[in-house]
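Asks: The following block contains the structure, expressed as structure tokens.
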Amino acid sequence: MAPSDAAAMAGEIDRHNGTPIYIQLREILRAHIASACPPGSALPSERDLAERFGLARMTVRQAIDALVGEEVIERVVGLGTFVRKPKLDLQVKLTSYSEEMQRRGMVPAAKVLSFEQIGASAFLARELQLEEGTPLVRFRRLLLADNEPMSVDENFIPAHRVPGLLDGEPPTSLYNVLSERFGLVMEWGEDMIEATAASPSTARLLNVEVGSPLLKIQRHAFVARAMVDYSVSYYRADRYKLWVPLQRPGVRPTRNYASGYRP
């Protein structure tokens, strides 16, 4: 997207004001972004801003650095400065991706990358507490919201738990199908969350640079005491931030966290 025109920006620097000049410029830029720049918009260059407001480039850079630090804007090497897209609050829970995106008013979609039966490797057998070679259903998808790639998800389910699942089309909502067709309602789970870097194949799917930061979530989901699903998900760190509500043991909660994502 072409940079906005610095000459058309509203606001002026008041040199008689006690407020530091870079802070005045920061707030002018903030107001301009809020009123005229949708996410992904390019901002004027430092040189154009310096000319527009009669400031030194160092002062302009200081104002921009402040907004970068607040994650309002971001620098892309070789391209310029852009308005950041807002991050989604990722509250980890046992609900489907499609339900969460619809709750946020976004249109969910998925591209199926694999839907097949495989034998459990030594690693998968250990994670699912099964014998090596046990048949598994492998379901790998690229998940999108408003046509933008958000995460790569891969689920592994013991095949004997879902007889006939592979006979039909891949499900649009895996947990809904497991519940409605097979009576497998996920009751509890354990997640391990860590930071990782995008591999070449994952970066290509998520449309990010190789080595970009990702949130990796490994999940073990259970029905009663039986593990039914092991999954690995890679979330774009530039589109998600993890929200974890905390409560002191023995203290009754004063907020209802059951609704999921924060508004």
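Asks: Considering the convex hull of the alpha carbon atoms of segment 88-242, report its projected area averaged over all viewing directions, in nm², one decimal.
Replies: Mean shadow area of the hull around the Cα atoms is 8.8 nm².
Asks: Something else about it: Taking amide H positions as placed 1.01 Å from N in the peptide plane, with prolines and chain starts having none, which residues 5 or more places from residue 240, or on another chain, fall under 5 Å of its amide H?
Replies: 88
Asks: From the phi angles alone, apply the Karplus equation (6.51, -1.76, 1.60; θ = phi - 60°) to segment 110-117 and give each ³J(HN,Hα) in whole Hz, x where the residue is Gly or Pro.
Replies: 8, 10, 6, 9, 7, 8, 7, 9
Asks: Taking the highest mean first, how do the peptides 206-217, 109-120 order by number of other beta carbon atoms within 10 angstrom per residue?
Replies: Highest to lowest by the protection proxy: 206-217, 109-120.
Asks: I'd like the per residue volume of the convex hull spanned by the Cα atoms of segment 6-83, given in cubic angstrom.
Replies: Normalising the Cα hull of segment 6-83 by residue number yields 87 Å³.
Every read-out reported here was derived from the displayed coordinates using simple, explicitly stated rules and does not represent laboratory data. Quantities reported herein were computed from a predicted structural model and do not represent experimental measurements. In this analysis, Cβ positions are derived from the backbone assuming ideal geometry, glycine residues included, and neighbour counts consider all displayed protein chains.
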